[in-house]
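S.K.: Okay, here's the structure, questions in a sec.
The values are calculated or read from the model by the stated rules, or taken from the named source; none is laboratory data. This is a predicted model, so every value here is computed, not measured. All Cβ positions, glycine included, derive from the backbone under ideal geometry; neighbour counts span all protein chains shown.
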């Protein structure tokens, strides 16, 4: 017997049956569809269901989505201007600021995925990056800007790599599941952050000991802003760092021996080991690089526009978790992650600070983002469902033709 | 007859040399080393905690050399931690110590542990049947909001508990369909469940209550007054006035143990988690068992959530109310090695550490953080296999395809 579920395959012709069941068939279909259909349909389906929730609670979904679109500054494309006084231009700059972070946290998840691991600890690695960038950015006063920025970024990236590397090391040496260890490392990072920035903590603001907030990084460590005004949280050059990271991700994975080994281990560890690849070394290495992306995200955020971080900001931040949705929607590729980050960056800013709407309040829209995010992750995890919907469309077509004739 | 001869051939001295005895003795002594410095004993010098801690470590090492590695390292860790805590405690004032360690700490420990107990048992049922459930956090959050909603609109906490548990069960059913029928990656699916629950509860909380708090006077889950105990010195404040769901939680642990290990249903559940193909061969409906366990998991996790909002919280809700308790519950289940009593013990330990952390906040932020981090560090050590390897069910997380 093949792997096909007999109940599904029995009434259908073999060709159709294969596409709704076996893995090989589903991959073949994905290739036929160009690889873009499934992510796009996933997003469309998630937005449709999200719209249904909005409609069911008495709001007009079309108006709500239009306002979110404008809130994210995406209407900028209809009248492009670089004048930041224009609302659309300002909103777009803020969306791109979020996109920058999400590209990096998305790459963190994607890189581990390509090695067959699920790095759910992007949030913790991001926090570790934030903390170290803040420490280096504040404590190392009187440095020239360029070395200061480079030192802070390097230290934070290394810290992120180390934090994820723990999970990689535990997986390689004792076989501890990376999902469990990264979840634990997340919460350790969160509590350590609360302690460091909290009342009486070592990194708490020196000026006012009553508020649990960190010091501001020195001016020499702040990234230059190229679109907008620094005081109004303009778009900093970290955006280009993120774009460079996308290119680096592609080159490392597809053009280097390291990337080849990482992908080989991701495809099939046993086969990779048989082919002479050191699987354990690659697990640690891939996890380290994955954490480096997340740590870099923390550094870019801290030096780019946050400058300081408070205890109350910790639970509000979930860019590390959003990175999971970004990477999954982007099918763990460089281009896909970039596009996924833009979508979620737009959702993140367009549903909260950027939103001015009489249809839907930011509190509702912000939670709508979580619903859409959850649905996208749910559907991406189940290709079979999306493929089934895609197939039934094909199946309906001959019937429609027959009816028309 | 043979049992008697065995006992005669195995005198007390020989049984004392059994490494298991020395291991457990080491753990007890380690815990005792920490307790020496806190009320009611309150040793004021370092000597006693250190001395007892060292004895615990020695016993632990001896146990390790006799082959019981897990138990031995446990005793070593207990000795070191106990001695360290003892030294820390002798350096603080007795007044502060009495304010932190008293009978009501026991009540607070159980209060903090109850959501974890329900969550850990929920995770255990799901994973014993072979479905990883990292969506516990989301299912708990659903229970927290819809529980208080049901209590508010339905007028009584009974309705609240029912509605809350159903909401968790419903979310679990959706997850089960994706994880079992569509064979989606279970980690990805669980992550999605957490996002979905965060969005759904936040959205409807604002939609229904317009960003305000849940109105005052919602029917809450009552406490159980034990009449005879209220006058008894220690037990009165400790367990004389606990919430009903805390007792239900204790009972659920015992029932879960019996169901999992002593009934045919439990055997089927475990078979599906260890070797689904073999279970299928002998006529067990793997899909049905897994669906049942995942939905039960949602119901239980949501019960923990209802306790949080309508029991412990006194009929309130706020965005993301569970604050990671689902993940601590997951940790407790792993730390308890996928067993009901193990999970219960871990949940109480983690509840204790967060109750202590809450009380220490006033005196020392760093010590408070230490106790907050403890569950995660201990679980990390446990999965790393330093104190014995934790062993998940063999088919945990692997979707099953019928042949």
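S.K.: Restricting attention to the range A:64-80, and to residues there that are assigned to a helix (DSSP H, G or I) and within 20 Å of the chain's Cα centre (by Cα), which single residue is surrounded by the fewest Cβ atoms within 10 Å (Cβ to Cβ)?
M.R.: Residue satisfying both the conditions and the ranking: A:69.
S.K.: Check the range A:87-96 and report whether any residue there is free of Cβ contacts under 8 Å to residues at least 24 places away in the same chain, surrounded by 24 or more Cβ atoms within 10 Å (Cβ to Cβ) and farther than 25 Å from residue B:331 by Cα.
M.R.: Yes: the range A:87-96 contains one or more residues that are free of Cβ contacts under 8 Å to residues at least 24 places away in the same chain, surrounded by 24 or more Cβ atoms within 10 Å (Cβ to Cβ) and farther than 25 Å from residue B:331 by Cα.
S.K.: Follow-up question, since we're still on this one. Within the range B:371-394, count every residue that is in a helix (DSSP H, G or I) and either within 27 Å of residue A:173 (Cα to Cα) or away from chain A (no Cβ under 11 Å) (or both).
M.R.: Result for the range B:371-394: 12.
S.K.: While we're here: Being touching a residue at least 12 places away in the same chain (Cβ under 8 Å) and not in a helix (DSSP H, G or I): is that true of residue B:131 here?
M.R.: Yes: the conditions hold for residue B:131.
S.K.: In the range A:50-63, what residues are more than 12 Å from chain B (Cβ to nearest Cβ), touching a residue at least 40 places away in the same chain (Cβ under 8 Å) and part of a helix (DSSP H, G or I)?
M.R.: A:63
Here is a yes/no grid of residues against (1) modelled with pLDDT under 95; (2) within 23 Å of the chain's Cα centre (by Cα); (3) in the same structural domain as residue B:333 (by TED's automatic domain parsing); (4) under 24 Å from residue B:152 (Cα atoms):
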| site | (1), (2), (3), (4) |
| --- | --- |
| B:243 | yes, yes, yes, yes |
| B:252 | no, yes, yes, no |
| B:256 | no, yes, yes, no |
| B:272 | yes, no, yes, no |
| B:278 | yes, no, yes, no |
| B:286 | yes, no, yes, no |
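This table checks each residue for (1) farther than 22 Å from residue A:293 by Cα; (2) within 8 Å of the chain's Cα centre (by Cα).
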| residue | (1), (2) |
| --- | --- |
| A:323 | no, yes |
| A:327 | no, yes |
| A:333 | no, no |
| A:357 | yes, no |
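S.K.: Which one is farthest from the other protein chains (Cβ to nearest Cβ) among residues in the range B:166-177 that are more than 22 Å from the chain's Cα centre (by Cα) and under 17 Å from residue B:396 (Cβ atoms)?
M.R.: The residue in question is B:176.
S.K.: In the list A:175, A:200, A:168, which residue meets the criterion of being in contact (Cβ under 8 Å) with a residue 12 or more places away in the chain and either touching a helix residue (DSSP H, G or I) at 6+ places or on another chain (Cβ under 6 Å) or surrounded by fewer than 24 Cβ atoms within 10 Å (Cβ to Cβ) (or both)?
M.R.: From the options A:175, A:200, A:168, the qualifying one is A:168.
S.K.: Still on this structure: Quick one: would you say residue A:294 is crowded, with 24+ Cβ neighbours inside 10 Å, in a helix (DSSP H, G or I), more than 14 Å from chain B (Cβ to nearest Cβ) and under 10 Å from the mean Cα position of the chain (by Cα)?
M.R.: yes
S.K.: I've got another one for you. Based on this model, can you work out whether residue B:294 counts as out of contact with any strand residue (DSSP E or B) (no Cβ under 9 Å at 6 or more places or on another chain), assigned to a helix (DSSP H, G or I) and more than 30 Å from residue B:76 (Cβ to Cβ)?
M.R.: yes
S.K.: Checking the condition surrounded by fewer than 22 Cβ atoms within 10 Å (Cβ to Cβ) and either over 23 Å from residue B:317 (Cβ atoms) or modelled with pLDDT under 95 (or both), which residue from B:157, B:177 passes?
M.R.: Result: B:177 is the single residue among B:157, B:177 that is surrounded by fewer than 22 Cβ atoms within 10 Å (Cβ to Cβ) and either over 23 Å from residue B:317 (Cβ atoms) or modelled with pLDDT under 95 (or both).
S.K.: Still on this model: Only one residue in B:88, B:141 is part of a helix (DSSP H, G or I) and within 14 Å of chain A (Cβ to nearest Cβ). Which one?
M.R.: B:141
S.K.: Give the residue, chosen from A:356, A:392, that is surrounded by fewer than 18 Cβ atoms within 10 Å (Cβ to Cβ), under 20 Å from residue A:94 (Cα atoms) and modelled with pLDDT under 85.
M.R.: A:356
S.K.: Another question about this same structure. Looking at (1) away from chain A (no Cβ under 11 Å); (2) surrounded by fewer than 24 Cβ atoms within 10 Å (Cβ to Cβ); (3) in contact (Cβ under 8 Å) with a residue 60 or more places away in the chain, which is the one condition that is false for residue B:337?
M.R.: All conditions pass for residue B:337, except number (3).
S.K.: Let me ask you something else. When you scan the range A:194-206, how many residues do you find that are in contact with a strand residue (DSSP E or B) (Cβ under 9 Å, 6 or more places away or on another chain) and part of a helix (DSSP H, G or I)?
M.R.: Adding up the residues that qualify gives 2.
S.K.: Output the number of residues of the range B:194-229 satisfying the condition of being in contact with a helix residue (DSSP H, G or I) (Cβ under 8 Å, 6 or more places away or on another chain) and more than 7 Å from chain A (Cβ to nearest Cβ).
M.R.: Counting residues in the range B:194-229 that are in contact with a helix residue (DSSP H, G or I) (Cβ under 8 Å, 6 or more places away or on another chain) and more than 7 Å from chain A (Cβ to nearest Cβ) gives 17.
S.K.: Taking the condition at pLDDT below 90 and assigned by TED's automatic domain parsing to the domain that holds residue B:277, does residue B:188 pass?
M.R.: Yes: the conditions hold for residue B:188.
S.K.: Is it the case that residue A:365 is closer than 27 Å to residue A:233 by Cβ and either more than 8 Å from chain B (Cβ to nearest Cβ) or modelled with pLDDT of 85 or more (or both)?
M.R.: yes
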